[in-house]
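Notes to accompany the following structure.
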Amino acid sequence: MSIDTATITAQTLDRDELVQERRLVTEIPGPVSQELMTRKLAAVSSAVGTTMPVFAARAGGGVVVDVDGNSLIDLGSGIAVTGVGNSAPRVVAAVQQQVADFTHTCFMVTPYDSYVAVAEALNRLTPGDHDKRSALFNSGAEAVENAVKIARSYTKKQAVVAFDHAYHGRTNLTMALTAKSMPYKSGFGPFASEIYRAPMSYPFRDGLTGPEAAKRAISLIEKQIGADNLAAIIIEPIQGEGGFVVPAEGFLPALVEWASANGVVFIADEVQTGFARTGDMFASDHEGIVPDLVVTAKGIAGGLPLSAVTGRAEIMDAPHAGGLGGTYGGNPLACVAALAAIETYEEDGLVDRARGIGEKLVSRFREAAASDARIGDVRGRGAMIAVEFVDPETNEPDATLTGRVAKAAHAEGVIVLTCGTYGNIIRFLPPLTIPDALLDEGIDVVLQALAAS
């Protein structure tokens, strides 16, 4: 049965005003979402899952309104994509103008200035004051693959090191880089060769200092791979899907120093951490590291598909002409959206806003942890915070509890996401535009769900 979109619009809020409130008018999911889910199951591959069984009709600020008129508190930002908020005014205006001008020519056929302007902005914003170049792509995984291509072209070496708990994408090469088997890798091999894994600094689990953890990783790399064979080290400055693992202070600088001394390209995968998310424009900024290559996506363009590799000019220019590119890479709609999003991050103080959001999240959950031993760790930076749930008797990961808490929060109209190698972490990635009252209410709902679990 077809659903009348006009009816859906009428059931949601007035188009001119998106009230920033949690409001449940039906059970979750409501009848219209249920009907759409029936259609989804009949039309879409069952391999494409969903976190919540609700269908979005509108979003902005800190809420997502579903097709039944329920207004949900958004603590996920579409997995860290809508940092500037959904339907951010500058982004909307820029895209509306561009779509009226032209939607596509392919930059490799007849280029356009917005692609160049995005590259210039990335060259300015990413860490380091060296000469840089950028190339634009469609997704984080595609950008990661191209970063590896660039590093191999520059070094004339093949091996690449990734880390425990890493997530770098779902394409063949990035699945090899990704650590977790289910659901990302299981049954999809064989994977790309010359990919190796080193131990990550995970302070809550390993108890090592940054220098100690770096020494352990470097020792393994030198013994099992050898610097003479190694093209690149790739690492998320704060791991995303792997559990928002924040390495101990000193871990990243030690890796950068070793890579520089041994002719190894250091790639920072800032797909999830980039663009104000961690309370710095890039997570690499926090420890003052300067990667050779920086991979960005997610928050770059206010929800439009765009990604990039930015890095040292001599490395970026190493591949032959025509070696990088793609039909849709740097699409003009995504490029103008990125320029508008970057302006919003800078002009609206969203870096500082991310820090304020993080302070509130950390304070509330650490206060709760003082009386609830099931909260094993609260960590992260800025508006990228994780709560790790454990068995208080053994400190072992408790994925069952995590699932119950998330499911209960969903039922009460709060969008939260889980993550972690062991599935025992709830991660908080609210839009940087979320009002404080909504953020507080969302935290309240999650804590109430935990208390009832």
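The values are calculated or read from the model by the stated rules, or taken from the named source; none is laboratory data. Computed from a predicted structure; not experimentally measured. Glycine gets a Cβ as well: all are built from the backbone with ideal geometry, and neighbour counts include every protein chain shown.
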Residue match in region 176-190 (condition: farther than 22 Å from Gly263 by Cβ and not in a loop (DSSP other than H, G, I, E, B)): yes
Answer from Thr344, Thr327 - the residue that is in contact (Cβ under 8 Å) with a residue 60 or more places away in the chain, in contact with a Cys (Cβ under 7 Å, 6 or more places away or on another chain) and either crowded, with 16+ Cβ neighbours inside 10 Å or at negative phi (or both): Thr327
Qualifying residue in region 221-232 (condition: touching a residue at least 40 places away in the same chain (Cβ under 8 Å), in contact with a Ser or Thr (Cβ under 6 Å, 6 or more places away or on another chain), assigned by TED's automatic domain parsing to the domain that holds Pro183 and not basic (Lys, Arg)): yes
Enumeration of residues in region 145-159 that are in a helix (DSSP H, G or I) and among the aliphatic types (A, V, I, L, M): Ala147, Val148, Ile150, Ala151
Odd one out for Val91, checked against (1) surrounded by 24 or more Cβ atoms within 10 Å (Cβ to Cβ); (2) hydrophobic (A, V, I, L, M, F, W, C); (3) farther than 28 Å from Ala354 by Cβ: (3)
Matching residues in region 191-207 - criterion: being over 27 Å from Glu396 (Cα atoms) and either small (Gly, Ala, Ser) or assigned to a helix (DSSP H, G or I) (or both): Ala192, Ser193
Which numbered condition Ala337 fails, given (1) among the small types (Gly, Ala, Ser); (2) free of Cβ contacts under 8 Å to residues at least 60 places away in the same chain; (3) part of a helix (DSSP H, G or I): (2)
Residue among Met182, Met200 that is free of Cβ contacts under 8 Å to residues at least 12 places away in the same chain and among the hydrophobic types (A, V, I, L, M, F, W, C): Met182
Failed criterion for Gly311 (all others in (1) over 21 Å from Gln96 (Cα atoms); (2) in a loop (DSSP other than H, G, I, E, B) hold): (2)
Filter pass, Gly250 being in contact with a Ser or Thr (Cβ under 7 Å, 6 or more places away or on another chain), closer than 27 Å to Pro397 by Cβ, small (Gly, Ala, Ser) and surrounded by fewer than 19 Cβ atoms within 10 Å (Cβ to Cβ): yes
Residue satisfying condition, being buried (at least 18 other Cβ atoms within 10 Å of the Cβ), of a type outside the set (Val, Ile, Thr) and touching a Cys at 6+ places or on another chain (Cβ under 6 Å), within set Arg364, Arg381, Arg427, Arg374: Arg427
Val405 vs. criteria of a type outside the set (S, T, N, Q), without any contact (Cβ under 8 Å) to a residue 60 or more places away in the chain and surrounded by 22 or more Cβ atoms within 10 Å (Cβ to Cβ): yes
Filter pass, Val290 being surrounded by fewer than 24 Cβ atoms within 10 Å (Cβ to Cβ), in contact (Cβ under 8 Å) with a residue 40 or more places away in the chain and assigned to a loop (DSSP other than H, G, I, E, B): yes
Those residues of region 159-204 which are charged (D, E, K, R) and at positive phi, in sequence order: Glu194
Any hit, region 68-76, residues being among the small types (Gly, Ala, Ser), closer than 30 Å to Tyr167 by Cβ and touching a Lys or Arg at 6+ places or on another chain (Cβ under 9 Å): yes
Hey, Ala121 assigned by TED's automatic domain parsing to the domain that holds Glu314, within 18 Å of Ala313 (Cα to Cα) and surrounded by 24 or more Cβ atoms within 10 Å (Cβ to Cβ) or not: no
Helices (runs of 4 or more DSSP H) within region 1-120 that include 1 or more residues over 15 Å from Gly303 (Cβ atoms) and modelled with pLDDT under 95: 5-11
